[in-house]
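These notes are about the structure you will find just below.
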Amino acid sequence: MRRKALFTAVALGTVGSLAAALGPPSSAVPAAAPPSAAAAPQAARQPAGHPVVLVDCFWHGRVRPTDFVLACGDGNSRLSSLHWSRWNRAEAVARGDNWVNDCKPYCAVGHFHRYPVVVRLDHSQSWKKHPSLRHYTRIHLTYTDGRPDGFPRTVTYPLWN
């Protein structure tokens, strides 16, 4: 089971890296959206007053995703198995796992390690791509059982707009 999760994390990270590096032309339409992003276009068309979204690496607004790539450029950090207990205008809270590549001796041959985390999203504001929607602009990860080398117990990252 762990090998399957590791393979999935590596595969998704690779795809995310390639997509971010190549970037689709503005007229491109993806042939098929990944299952976790399938509802994103519909969510992006909803008027104000609907749930705040989390913007992913492909600029899709997602609500309560089960997986989320933190390191869009290289895929070396991602969240998985997210179970949301709260999702409102002020904040969203979930428990899940942060899979992080140790990059030893370098990232291409490094190993992914799983760290249980509590995820908190906050600081919602209008999304530039869809001004009628709000999106979370900050993510906090609190490691509950071990953490990557050199990481504090809680880390905070800005999210893209």
Legend entry - Members of region 94-141 found to be surrounded by fewer than 16 Cβ atoms within 10 Å (Cβ to Cβ) and of a type in the set (A, V, I, L, M, F, W, C), listed by number: Cys103, Cys107, Ala108, Val109, Val118
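Select, from Ser81, Ser85, the only residue that is among the hydroxyl-bearing types (Ser, Thr, Tyr), within 16 Å of the chain's Cα centre (by Cα) and either at pLDDT 95 or above or buried (at least 16 other Cβ atoms within 10 Å of the Cβ) (or both).
Details: Ser85 fails: within 16 Å of the chain's Cα centre (by Cα).
Testing whether each residue is among the hydroxyl-bearing types (Ser, Thr, Tyr), within 16 Å of the chain's Cα centre (by Cα) and either at pLDDT 95 or above or buried (at least 16 other Cβ atoms within 10 Å of the Cβ) (or both) leaves just Ser81.
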Inset, instruction - Enumerate the pairs (first residue in region 112-136 and modelled with pLDDT of 95 or more and basic (Lys, Arg); second residue anywhere and surrounded by 15 or more Cβ atoms within 10 Å (Cβ to Cβ) and not in a strand (DSSP E or B)) with beta-carbon separation below 6 Å, excluding pairs fewer than 6 apart on the same chain, so at least 6 apart or on different chains. - result: Arg134/Val52
Inset, instruction - Identify the residue in region 59-71 that is touching a residue at least 60 places away in the same chain (Cβ under 8 Å) and over 20 Å from Arg147 (Cα atoms) and, among all such residues, is surrounded by the fewest Cβ atoms within 10 Å (Cβ to Cβ). - result: Trp59
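The values are calculated or read from the model by the stated rules, or taken from the named source; none is laboratory data. Model, not experiment: these values are computed from the prediction. Neighbour counts are summed over all protein chains in view; Cβ atoms, including those assigned to glycine, are modelled from backbone coordinates with ideal geometry.
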